[in-house]
Every structure is written in C-alpha cells, then in structure tokens.
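First the structure, in the form of structure tokens, and then the observations on it.
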Amino acid sequence: MTDEAYIYEAIRTPRGRGKKGALYATKPVDLIVGLIDELRSRLPGLDPEYIDDLVLGVVTPIGDQGGDIAKAAALVAGLPDTVGGMQVNRFCASGLEATNLAAQKVRSGWDRLLLAGGVESMSRVRMMSDGGALFTDPTTTYDHYFVPQGIGADLIATIEGFSREDVDAYAVRSQQRADTAWREGRFKRSIVPVTDGNGVTVLDQDEHRRPGSTVESLGTLTPSFAEAGRKLGFDAVALQKYHQIERINHVHTGANSSGIVDGAALVLVGSEQAGSISGCDRGPGWSPPRPPDPTRRSCSLGRLRPPPRCWPPLAWSSTTSTCSKLNEAFASVVLRWIRDLHLPEENVNVNGGAIAMGHPLGATGAMLVSTVIDELERRDAKRALVTLCVGGGMGVAAIIERL
C-alpha cells in the first residue's frame, strides 16, 4: 500500500545577484540553515526526530558546496544526528529532482518526513568549475555533436524561426510579470529574508530584476554565444547535425537568458501520518515525474496509470491546469514549449521566471515548487505543472495538486 506524499511547507531565499551581489558573503550552508530555522519556527509542532533525511540539489558540488552540504546543513542547524543528508546533481533540475526523490521515498514507505530542496552560490562557486567529461572532454562529446546550452538555445530559435525581437519581447514580459508579482506581494508567504550573524537583513527581495527593460533597450545588447560558436567551433559542430540550416542565428543575450544568482529553497515533504504526528497541516499532493519527456509523460494517461488519489480521471492538461511553470533557462525554450503543447501563454510563468529573477542552478527546481503553490493559493485553484529543461538533453517534471 503506497502512501501519498504531501507538501507541508515550501520556502525560499530571495535570489542575490551573482558575481558579488548581496549574498556573496553568505555561505551556501548558511542559506540552507536559515531556511531550516524558518521552517521550524513556522511549524512549532514539528518533531525533528521524525525527519528522516535532507536531500539537496547542488549543481557544482565543490568548495563551499562540496562534502555533502546537505549533511553539513543538518548538523549546523542542530537537527538530530539521525537526520541524513544527500546532495544530488541533475543540472538545472536538481532542486526539483531532490524534491521528487523525497516524494518517492515517502510514497514507497521508505521514509516518513523529509526536507528537500537545493542551493547554489554562483558567486562563490563558479559554474562548471568542477570540470566533468560532458563539458570539458571533447573525446566524450565529439560523436554526439554536443554543444553548450546557449548554442543549443540559439539553434532552437533558428529552427523554430524565433527572432531576436521575439525572445527579447518574452524577456520583457518576464520582467513585467515578476515586477507585478513582487509589487502585489505574491511571494510574501514563501520568501525568507537572509540575515547576517547579527540578525541584520542582507537581502529580502530578488536582486536580479530589471523592471524597466524594454524590447528597444534589450535590442542593443550583444549576443552572448556568437563568439564561442564561431571561434570555438560549436556552430560548425551543431550544423553537422542540423545541416538543413545554413547558419545559427544567435539571438540570446544575458537579458533573455536566465540570470546568474545565489539562493536556496526548501520543501517539507511527508506522509499523511507523519504530518499528523508532527502537527503539520496537510498540503498539496505530489505526483511523481516520468522523465525523459517529462511534460508529455506526466500528462499522457493513455500510456501511464495515474497515481492513486493524486489525480482525478482527467489528470493534467492545458485546460485543467491553472498554471504551468517552465524554468526560463532561455527565452526560445519557453516559446517552443508553449507552441508545441498549445499552451495559453497567460497561464505560463505568470509571475515571471529565471530571466527576470535568476537561476540559482541547484535551487531553482524547488523554488518553482514554492512559486506555483503561492499561485494556487492566490487563485484558490487546483493543479499546476512544474518542469525544467536540463543539460545533456534531460528534463524533469512534477504535478502538484492542491487539496
């Protein structure tokens, strides 16, 4: 008999601008500890002895983020020694993968109550500084026509016919939506300000935003990946496979791609019994993902049996889901996703995304969970989809149902 997995709380830090922004001096372990402290203060009846594990997504697990930062955070936060710790890396979807793993542990009956989420301090630990065959070894990637994601995003734009104005216009919409969400306090429930050792607030809002952006102002920026495509040969590699196009139209810049930022997120996932014993209110249900084609596989009941009690017979569709959240890694990715799935754009990333607020790699997936829960509560709505594209051609998705 499988247990249902419930979300009892979902919180996050604000995103600090990368490269010596407001959170540069804050250690990533302290970002997580601050969230653990906040969660315990919000749920005074929570018995920490009932927590089985802490699972965190970390994309560059070295330096300040290495050595199993999840277990380090559990110790620093004063959780019992019996609370485990595990860090996972599925690139951009690591935070959602960590949360899904927690849900799977609960549904299997293996664990009762878990903390899950992610952290990334991109100011302190440079992206891809851990090396690895997928990004640094040409012998590994040569036969697979592997190119960096930015080149891939430009390739998508070229094949799909998205112009520079199209991707810039989407970026402006992301900025406008994020600005509206912040002005209307839509993130108020889930945001936990970061403080220093003296209790002084270091950051209480997403620092990366540029609400005054316009298509005209963004149009003056230089494409970010054109030089690498030309000088390092990545364009030539891609065109060997996609020979139907003459050249790659490089349209992505730092303004219509996800921002480099620091941040952390935490989700409390548990069984119904664990919630009752620990004094938690039952939250939204959790439906596990089915990669590698996460959106279609999560939504197609012709091939997949719905988890018991989590979904009604109609399951998810663009009409039954109140809102959909795809990480804004690059504007062309979102535009193609909307087109391929025939989604109403007004229901996608309604509060902005990583283009406006930034993408702290290991944490973003869990941040999206708190964002859609906030939106479901605001709308008094039922169901939402969360998904992310992932380096190496992967993807992760989950459906959240508000009970």
- Note on the structure: Taking only C-alpha positions in the range 109-154, Rg and Dmax in angstrom work out to 16.7, 44
- Query: Antiparallel as a % of all DSSP beta bridges within the chain, to the nearest 5?
  - Reply: 70 percent
- Query: Going down the table (K19/K325; K20/K105; K20/K241; K71/K382), which pairs top 30 Å between alpha carbons?
  - Reply: K20/K105; K20/K241; K71/K382
- Where labels lie 7 Å past Cα in the beta-carbon direction, separation of E49 and S276 in nm: 2.0 nm
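So, by mean Cβ neighbours within 10 angstrom, what's the order for 361-369, 33-41, 239-247 with the highest one leading? If you can, show how the numbers build up before the last one.
Details: 361-369: 32.6, 33-41: 18.7, 239-247: 10.7.
Descending mean neighbour count gives 361-369, 33-41, 239-247.
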- Whose amide H sits under 5 Å from the amide H of E9, counting only residues 5 or more places off or on another chain, with H placed in the peptide plane? L268
- Protection-proxy order for peptides 391-401, 200-210, each taking the mean of Cβ atoms within 10 Å per residue, highest first: 391-401, 200-210
- Query: What is the spin-label model distance, in nm, from S129 to D380 if the labels are put 7 Å beyond Cα along the C-beta direction?
  - Reply: 4.9 nm
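At a Förster distance of 25 Å, what's the computed FRET efficiency of T222 paired with H243, Cβ-Cβ distance as r, to 0.05? List each step's numbers first, then the result.
On the way: r = 27 Å, r/R0 = 1.09.
The calculated FRET efficiency here is 0.35.
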- Positive-end residue of T180, L218, L203, charge dipole of the range 167-242 with Cβ unit charges: T180
- Message: Need one number: nm distance between label points at T140 and E346, each 7 Å from Cα along Cα→Cβ, rounded to one decimal.
- Response: 4.6 nm
- Task: Would you mind classifying the range 1-150 by shape? Square roots of the alpha carbon gyration tensor eigenvalues, ordered a ≥ b ≥ c; an a/c under 1.5 is rounded, otherwise it is prolate if a/b is larger than b/c and oblate if not.
- Result: oblate
- Message: Across the range 216-286, what fraction of all alpha-carbon pairs, as a whole percent, falls in each successive 5 Å bin from zero upward?
- Response: 3, 12, 13, 11, 9, 8, 6, 6, 9, 8, 9, 5, 0
- Task: Return the long-range amide H neighbours of L203 (sequence gap of 5 or more, or a different chain), with a cut-off of under 5 Å between placed amide H atoms.
- Result: V194
- Looking at the P(r) of the range 117-202, how many percent of alpha-carbon pairs lie beyond 23 Å? 58 percent
- So what are the ³J(HN,Hα) numbers for the range 387-392, from phi and the Karplus equation (6.51, -1.76, 1.60; θ = phi - 60°), rounded to whole Hz, Gly and Pro as x? 8, 9, 7, 9, x, x
- Message: What are the ³J(HN,Hα) couplings of the range 218-230, residue after residue, when phi is run through the Karplus curve with 6.51, -1.76, 1.60 and θ = phi - 60°? Round to Hz, x for glycine and proline.
- Response: 5, x, 7, 7, 7, x, 7, 10, 5, 5, 5, x, 7
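How big is the dipole moment of the chain about its Cα centre under a simple scheme where the beta carbon of each Lys and Arg is +1, that of each Asp and Glu is -1, and everything else is neutral? Debye, nearest 20, please. Could the numbers behind the result be given before it?
Numbers: 43 positive and 47 negative charges, 124 e Å.
Taking the Cα centre of the chain as origin, the dipole is about 600 debye.
Cβ under 13 Å from A238's Cβ, A238 left aside: what net charge do those residues give with Lys, Arg +1 and Asp, Glu -1?
Numbers: positive: R230, K241, R247; negative: D154, D235, E246.
Around A238, the charge tally is 0.
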- Query: Using mean Cβ contacts within 10 Å as the protection proxy, how do 112-119, 191-198, 377-384 order, highest first?
  - Reply: 112-119, 377-384, 191-198
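Run lengths n ≥ 4 of DSSP H only: what is the helix-derived mean residue ellipticity at 222 nm for the chain, with -39500 (n - 2.57) per run over all residues, to the nearest 500?
Numbers: 15 runs with 139 residues, N = 403.
Result for the chain: -10000 deg cm²/dmol, rounded to the nearest 500.
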- Correct option for Kirkwood radius over Cα pairs in Å [calculated from the coordinates] among (1) 21.3; (2) 24.0; (3) 22.9: (1)
- Query: Within the P(r) computed for the range 133-266, what percentage of the Cα pairs occupies the region above 18 Å?
  - Reply: 65 percent
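Values in this text are rule-based calculations from the coordinates and carry no lab data. Keep in mind the model is a prediction, meaning the values are calculated, not measured. Every residue, glycine as well, gets a Cβ built from its backbone with ideal geometry; the counts of neighbours run over all protein chains shown.
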